[in-house]
1. Given 0.36 nm per residue, what is the gain on full extension from Ile2 to Lys270 after removing their alpha carbon distance, in nm?
2. Viscosity 0.890 mPa s, temperature 25 °C: Stokes-Einstein D of the chain from its Kirkwood Cα radius, in µm² per second?
3. Quickly work out the Asn150-to-Ser204 label distance, labels modelled 7 Å from Cα along the C-beta direction, and quote it in nm with one decimal.
4. By count of other Cβ within 10 Å, fewest leading, how are Thr460, Thr51 ordered?
5. So which DSSP H runs in the chain come out at 24 Å plus along the axis (Cα) with average Kyte-Doolittle of at least 1.6?
6. Listing Lys270, Lys115, Lys434 from the residue with the fewest other Cβ atoms within 10 Å to the one with the most, what is the order?
7. Quick check on the chain: of the DSSP beta bridges with both residues there, what percent are antiparallel, nearest 5%?
8. Based on Cβ point charges of +1 for Lys and Arg and -1 for Asp and Glu, what charge dipole magnitude is obtained for segment 9-196 about its Cα centre, in debye rounded to the nearest 20?
Amino acid sequence: MILNIGLKKILIIDFGSQFTQLIARRIRELGVFSEIVSHKKVKSKDITPLTAGIILSGGPLNVYESKKYSFDKKIIEKDVPVLGICFGHQILSKINGGKVKQSKHREFGLAKIYKKKESLLIRNFFKTKKMTKVWMSHADQVSKLPKNFNVIASSSNSKFAIVENKIKGFYGVQFHPEVTHTENGKKLISNFIFLICKVKKNWSSKDQKMKLIKDIRKKVGTKKVICALSGGVDSSVVAQLLNKAIGKKLYCIFVNTGLLRKNEEKEVVKTFKKKLKINLIYVNAEKEFIKKLTNVSDPEKKRKIIGNLFIKIFERYAKKIKDVKFLAQGTLYPDLIESKSVTGSQTSKIKSHHNVGGLPKKMKLTLVEPLKYLFKDEVRKLGLELNLSKEIISRHPFPGPGLAIRIPGIITKEKIGILKEADHYFINSLKEQKLYSKIWQAYAALLPVKTVGVMGDNRTYEYLCLLRAITSEDGMTADFYDFKKTFIQMISNKIVNSIRGINRVVYDVTSKPPSTIELE
Ligand code: XMP
């Protein structure tokens, strides 16, 4: 899908590389709008005067197995500069009459490339006068350059590591400038967009804010919008954006499931209703959730019960607001990209995710999805631009089903109470020790096992608390955070000494895969 947002852009044609989204993010970090489109969908008619440059991504395909991919070659005849990366470099060479074949020596990882000729593309890119280190990942390579192409740099295994056809504005690199392992990779991308495509900066949080507010006003007019607010980053940013755009025509519904973190419902009311003056409908549905979850221990059943009940309650309250025409949701750009190589929802097949998106289709409301152009890091910056506090913007992710999936087995009110306390101690200690922002997500869970302990001279028989803290890029893969022994010791003591019901603490040291981040 091509987004038509009226800005000059760099169009990234995706051939399935795991790094395609990184290319888009790098360009946006440089202040220019970029968009990803699948090679199967894009046609030459999509290259409009708004397309300032084209990047052909890498991918797992082989250029010589042309039946496996389709590409409208007329795209590169549009007089728009083209940069081919890895596979993109190979296909660009092939279309122009060059040859590609399997490399004798595959190159994976760091490689040194040596400068052969000056080019705008490599201005200030080389770390030393003649050499720089780049990150390669390829089994094929260009074996014969097309006519009118020059070699700009070579590695010992890739003679054509950087090439150009200056007249046509075609550039090819065999390595990946978008990954951080390539020294100065961002400089090369910057040279392409600013020196070669000559595009001007048009993408900052401030630009986005103004544009999104204008677009929302235009779309919504005088009608009403409802929004499910969870207090998480995405729904908070959506709510505040709509608040700025349409004020009291926005109605946010916040459902307290009773499965939230300690004091979360109070914080949400304080921030959104009192401070930001948003129309907030607070629904206390604690009892309903607990009742429905009585004696349920199967993880998928819990998830379904919570998801369905949430929707039912949301609908019940939404109906009370007259003349609503729109439903606002926090859909992000990675959800829309057709080839979901990086954030493809691997986990959704393993667990049925519940979130405030995906609300009832039968409500027949038109969707407003103002964040659909943005990556998560851009949403955070936009949130700050909208005066949301750092505290809200940098919060760890929290799953829709809440604490229910952090209490394996049967859920009781007593267990929820114990867990809220333990989690609170853990997260507060992380903040006090300045560890919170180094960790992607952390939480406490209450395991359905009791073990024996001794406190004073007395025997205890209480629950086991599991702590999880992980580092991750996007939640798809994760590693456990390597705490110092003193921290683990301190938090274990604090939890066991302060919370009746827990007499033992364990730390989860599994990565994802093979585990998942949440327990259920
Ligand atoms: P897993 O456990 O699948 O979690 O490794 C990956 C990330 O997704 C979050 N998560 C959810 N988020 N609704 C959500 O909005 C859900 O149902 C849900 N389940 C898991 C989890 O906290 C982690 O950040």
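Bear in mind that the values in this text are calculations on the coordinates, not laboratory data. None of these values were measured; they are calculated from a predicted model. Here the Cβ positions follow ideal geometry from the backbone for every residue, glycine too, while neighbour counts run over all protein chains shown.
1. Working: separation 268, 0.36 × 268 = 96.48 nm, distance 3.94 nm.
So the chain would gain 92.5 nm between Ile2 and Lys270.
2. Values: Rh = 25.6 Å.
Estimated diffusion coefficient is 96 µm²/s.
3. 3.6
4. Working: Thr460 17, Thr51 20.
Least crowded to most crowded, the residues run Thr460, Thr51.
5. Values: long enough: 299-318 (28 Å, -0.46); 413-432 (28 Å, -0.66).
Taking the DSSP H segments of the chain (at least 24 Å long, mean hydropathy at least 1.6), we get none.
6. On the way: Lys270 12, Lys115 18, Lys434 8.
Starting with the residue having the fewest Cβ neighbours, the order is Lys434, Lys270, Lys115.
7. On the way: 38 of 76 bridges.
DSSP beta bridges in the chain are roughly 50 percent antiparallel.
8. Numbers: 34 positive and 14 negative charges, 105 e Å.
Here segment 9-196 has a charge dipole of around 500 debye.
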